[in-house]
Amino acid sequence: MKYFYLLFFQIILSFFLQAQEGKQFLSDLSVTKNLPLYTTYAAAMERSEFTLDEGYHFLFYDSTRGADFITDNAGDWHLTFQRGSKHVYMLKDMFKEPVITASYSDIVKYTYLPFEDIKIDVTFLVYSSRIAIQEIAVTNLGSEKTSLEAIVSLQNMKRAFHDIAFDKGKNTIVFSHEEPPDSWVTSHNIPHVTQVHDLLLFSHPPDRMSSQSEIGKGPEVEGSIASLAKVISCVTKLEVAPKSTKRLRVIRAVRRSEEEQEKLVATAQKLMREDLDKYVKEDEKLYSSIPLPQFDDSEKKALYWSAFTLMRQVMLPPEGKSSYNYYVFSREPQWGWGHGGQVFHESLTMLAYAAMDPLSAMNSQRVFRERQLADGYINYRTGPYLDETIPYEGQLTTSAPWYAWQNWEVYKISKDKKFLREMYESSVLFYNYYVKNRDSDGDGLCEWGAHAVLECVRDGLVAVWDKVGWPSNFEALDLNCMLVQEEKALSAMALELGLSSEAKEWEQKASERTKKINDTMWDEETGFYYHVDKKNHSFTFKEKNDLKREEIIGFLPLWAGIADQQRAQKLVQKLTDPKKFWRTYGVPSLAADDPYYNPKGYWNGPVWVEWNYLILRGLLDYGYTTEAKELVQRVSSNMIAHLKKDHTFWELYSPDEQWAGHNKTYIWAGLISRMLMDVAEH
């Protein structure tokens with residue numbers, strides 16, 4: 001009994017220490033611009049919306065800029081201080097540059113010294129999709145009273161602010177700006193707000209409000225007559241006694257044209273008294289459930305926590321057609337294709353995110369089930385205002401079949417039997433739809449169908465697609481590996497639900513497909529797996545052996561457990577060849593010795609985090625722990641380098657140098673957290 005109580009105490013203490021460590025790390029930071037921390041902020045899921053949503057990136061690392069909060073279309077938020085003739089805005093002019101002291105998905109705290117004896121502490125909260133709050137504390141560290149001016153300004157480098165009106169009596173500036181939709185939004189009939197009405201509300205009566213027609217030049221216009229401006233400013237004079245602090249609060253809020261200005265003002269005025277620290281406490285509670293691997297350095301730890309911030313940040317609440325929470329690829333910047341809704345391959349991120357919030361991860365998967373057709377079909381893209389089906393040659397395009405596997409992996413974290421029962425039924429329907437419609441010759445191996453280039457995930461600059469032929473011409477290696485994992489996941493789900501006979505049937509299907517892949521798609525000569533011609537199952541389509549292009553998909557038989565030990569050894573030998581795949585910063589999507597290889601291309605060279613994650617899982621399953629840890633080290637080192645450089649995550653990374661593209665704040669980069677978790681367990 002004594003041993004039992006001791007063990008119980010150790011377990012409770014372990015959970016307590018884990019929660020405390022999570023709190024301490026993100027609530028008690030000391031992060032300079034040269035440390036790897038993600039610094040884009042958007043509202044918490046419960047206070048967010050799809051159609052009018054402003055996020056902010058904290059640009060605190062450019063010596064020619066200030067501690068700015070920048071946006072893609074809504075203008076940049078500046079803070080400047082002037083004392084006497086000295087004007088301090090840029091980092092290079094500050095006595096001490098900004099240091100971040102706390103950072104979560106919706107809030108950041110930082111401190112700096114514009115002058116040697118003046119300390120500035122700022123709390124910036126994206127309260128909702130409509131409202132952001134900046135609280136500024138000015139502390140006089142000196143021994144004498146000081147006078148200075150705090151200048152808050154908005155600057156729009158893309159297009160002018162308009163309909164500007166100043167009201168000193170109400171401490172407000174009202175204006176508007178435009179956020180035109182891109183072609184993807186208009187072509188998909190996604191609702192958007194082009195004309196946005198803005199409010200700036202100040203806690204203290206401003207001494208001067210003004211606007212400028214051009215950035216850095218042009219006369220200031222004060223009063224209520226300005227119509228167009230690139231800069232809007234408010235100046236507040238402060239008298240600060242020695243060893244004392246003066247506080248200012250600035251709120252920016254936005255609304256649609258049809259909504260009432262008075263309601264927006266009333267909401268903003270109420271938030272002038274809001275306790276911002278309570279939002280830090282809410283985040284601490286949310287983040288406390290995240291597992292805490294042991295890291296060998298602080299930079300990996302920062303990468304790990306930053307990845308969860310990214311994943312949490314892109315979650316949005318039920319809206320439109322979606323009865324459950326869902327995600328977008330990116331909230332700031334907000335670009336059309338990245339703001340449409342969910343796709344199976346981006347949903348791989350749920351395998352990491354579920355460790356933070358299993359309920360919203362499950363609900364994100366339920367969005368697919370909710371929209372599923374009676375025959376099992378699920379849209380290519382599913383969002384609150386989108387059912388993207390992309391008809392092509394008599395078929396509807398769907399997403400790559402990772403569905404059952406994702407549902408099973410999320411269940412393994414949540415242990416929610418209700419979710420498992422729901423998603424088993426849905427997953428069976430989708431699997432049956434897929435194999436019925438993607439095996440045109442009935443030989444038990446499937447090909448990509450409908451708009452196959454989109455359906456296969458690798459939707460641009462693929463060596464085989466560009467140099468050999470359209471995907472539907474081939475029995476697809478990657479697709480059939482995914483289907484093996486679907487069959488294995490369905491077997492595991494059935495067994496967990498007590499459906500033993502169904503579990504055996506699914507296991508038999510996986511075994512049969514595994515044999516077909518090994519018999520048909522393995523090339524003993526090169527020790528690798530490839531697509532084969534659908535008509536004759538050879539590696540030749542137009543020219544001899546033209547399908548023998550060494551792409552990243554050749555390693556999926558490790559992830560799916562298809563390769564035997566001998567084949568696995570040959571795959572790992574090829575994987576760890578530095579002339580091919582074992583590059584400085586991870587595994588490229590195409591072998592480096594292929595003439596089509598481009599480390600800054602798309603699917604012909606760059607490192608995609610989610611596909612490196614699949615390879616990692618295969619390495620661990622086959623016992624290649626050393627190689628798995630080395631892979632995570634390589635991938636994470638480039639991601640860390642970019643977080644230190646631009647404090648954001650990217651869609652893809654170069655395997656050969658510290659370069660990243662094409663889209664930033666991209667959801668599936670968050671899978672690095674799962675990679676770090678998985679290797680920490682071995």
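Order of 387-398, 332-343, 255-266 by packing, highest average Cβ count within 10 Å first?
On the way: 387-398: 16.2, 332-343: 21.8, 255-266: 12.7.
The packing order, highest mean first, is 332-343, 387-398, 255-266.
Taking the Cβ of Ala43 as the center, what net charge do the other residues with Cβ under 9 Å away carry, scoring Lys and Arg +1 and Asp and Glu -1? Please list the in-between numbers first.
Numbers: positive: Arg47, Arg130, Arg331; negative: Glu46, Glu49, Asp53, Glu54, Asp106.
Taking every Cβ under 9 Å from that of Ala43, the sum is -2.
Taking only Cα atoms, what is the 0 to 90° angle, nearest 10, from helix 477-496's long axis to the longest principal axis of the chain?
The helix 477-496 is inclined about 90 degrees to the chain.
List, largest first, the extents of the alpha carbons of the chain along their principal axes, each in whole Å.
Extents along the principal axes, in whole Å: 83, 67, 48.
Across bins of 10 angstrom width beginning at 0, how are the C-alpha pair distances of segment 233-359 distributed, in whole percent?
9, 25, 31, 23, 11, 2
List, in order, the whole-Hz ³J(HN,Hα) value for each residue of segment 650-666 obtained from phi through the Karplus relation with A = 6.51, B = -1.76, C = 1.60 and θ = phi - 60°; use x for Gly and Pro.
Whole-Hz 3J(HN,Hα) from phi for segment 650-666: 10, 5, 8, 9, 6, x, 10, 8, 7, 9, 9, x, 8, 10, 9, 6, 8.
Under 37 °C and 0.692 mPa s, how fast does segment 31-260 diffuse according to Stokes-Einstein, given a Kirkwood radius computed over C-alpha pairs? Answer in µm²/s, whole number. Display every interim value, and only then the final one.
Numbers: Rh = 18.4 Å.
This corresponds to a translational diffusion coefficient of 179 µm²/s.
Between their Cα atoms, which of Lys301/Lys644; Lys436/Lys516; Lys534/Lys579; Lys644/Lys664; Lys33/Lys664 are more than 23 Å away from each other?
Values: Lys301/Lys644 13 Å; Lys436/Lys516 17 Å; Lys534/Lys579 31 Å; Lys644/Lys664 14 Å; Lys33/Lys664 18 Å.
Beyond 23 Å: Lys534/Lys579.
Return the equivalent ellipsoid semi-axes of segment 577-682 as a descending list in whole Å, where each equals the square root of 5 times an eigenvalue of the C-alpha gyration tensor. Before the final figure, lay out the partial values.
Values: eigenvalues 80, 63, 23 Å².
Gyration-tensor ellipsoid for segment 577-682: 20, 18, 11 Å.
State the extension gain, in nm to one decimal, for the chain segment bounded by Met90 and Thr625, taking 0.36 nm per residue of separation less the distance between their alpha-carbons. Walk me through the intermediate numbers first.
Details: separation 535, 0.36 × 535 = 192.60 nm, distance 4.71 nm.
Taking Met90 through Thr625 to full extension adds about 187.9 nm, to one decimal.
I'd like the distance separating the alpha-carbon centroids of segment 568-601 and segment 80-152, in whole Å.
Cα centroid to Cα centroid, the span is 47 Å.
Please give, to one decimal in nm, the separation of the simple spin-label points placed at Asp62 and Ser30, each 7 Å out from Cα toward the Cβ.
Going from the Asp62 label point to the Ser30 one covers 2.9 nm.
On the first, second and third principal axes, largest extent first, how far apart are the outermost C-alpha atoms of segment 399-478 in Å?
46, 28, 17
Report Rg/Rh for segment 352-486, rounded to two decimals, where Rg is the Cα radius of gyration and Rh the Kirkwood radius. Present the calculation step by step, with values, prior to reporting the outcome.
On the way: Rg = 15.4 Å, Rh = 15.7 Å.
Radius of gyration relative to Kirkwood radius: 0.98.
When only alpha-carbon atoms are used, what values of Rg and Dmax, in angstrom, describe segment 248-300?
For segment 248-300, the Cα-based Rg and Dmax read 18.5, 54 Å.
If a paramagnetic tag sat 7 Å from the Cα of Met272 along the Cα-Cβ line, which residues of segment 170-206 would have the backbone N under 12 Å from that point?
170-173, 201-206
Rounded to whole Å, give me the distance from the Cα center of segment 271-333 to that of segment 441-509.
33
Whole-Hz ³J(HN,Hα) for each residue in segment 101-111, computed from phi via Karplus 6.51 cos²θ - 1.76 cosθ + 1.60 with θ = phi - 60°, x for glycine and proline: what do you get?
10, 7, 7, 10, 5, 10, 8, 9, 10, 8, 9
I'd like the distance between the alpha-carbon centres of segment 373-399 and segment 542-559, rounded to an integer number of Å.
Computed from Cα coordinates, the inter-centre distance equals 28 Å.
Whole number please: convex hull volume per residue, Cα atoms of segment 116-169, in Å³. The partial results should precede the final answer.
On the way: hull volume 8.4 nm³, N = 54.
Normalising the Cα hull of segment 116-169 by residue number yields 156 Å³.
If I stretch the segment between Asp167 and Phe295 completely, what's the gain in nm (0.36 nm per residue apart, minus their alpha carbon distance), one decimal?
Working: separation 128, 0.36 × 128 = 46.08 nm, distance 5.31 nm.
Separation in residues times 0.36 nm, less the Cα-Cα distance, equals 40.8 nm.
Compare the peptides 108-117, 296-305 by average per-residue count of other Cβ atoms within 10 angstrom and give them in order, highest first. It would help to have the intermediate numbers written out before the result.
On the way: 108-117: 19.7, 296-305: 18.1.
The most tightly packed comes first, giving 108-117, 296-305.
Distances over 14 Å make up what percent of all Cα-Cα pairs in segment 318-358? Before the final figure, lay out the partial values.
Values: 452 of 820 pairs.
It works out to 55 percent of all Cα pairs.
Run the quick spin-label model on Leu495 and Thr526: label points 7 Å from Cα toward the beta carbon, then report their separation in nm to one decimal.
3.5
Counting other C-beta atoms within 10 Å, and keeping those with at most 11, which DSSP coil trypsin sites (Lys or Arg not before Pro) do you find in segment 552-651? Don't skip to the answer; put the middle values down first.
Values: sites: Arg567, Lys570, Lys574, Lys579, Lys580, Arg583, Lys600, Arg617, Lys629, Arg634, Lys644, Lys645; in loops: Lys579, Lys580, Lys600.
The qualifying sites are Lys579.
Return the calculated 222 nm mean residue ellipticity for the chain, to the nearest 500 deg cm²/dmol, obtained by summing -39500 (n - 2.57) across DSSP H runs with n ≥ 4 and dividing by the residue count. Each step should come with its number before you reach the end.
Numbers: 18 runs with 229 residues, N = 682.
Helices in the chain give a 222 nm mean residue ellipticity of -10500 deg cm²/dmol.
What list of whole percents do you get for P(r) of segment 157-290, with Cα-Cα distances grouped in 5 Å bins up to the one holding the largest distance?
2, 8, 15, 15, 16, 14, 13, 10, 5, 2, 1, 0
Taken together, the values in this text are just the output of simple stated rules run on the coordinates, not laboratory data. Quick caveat: nothing in here was measured; it's all calculated off a predicted structure. Positions of Cβ are generated from backbone atoms using ideal geometry, with glycine treated the same way; all protein chains shown enter the neighbour counts.
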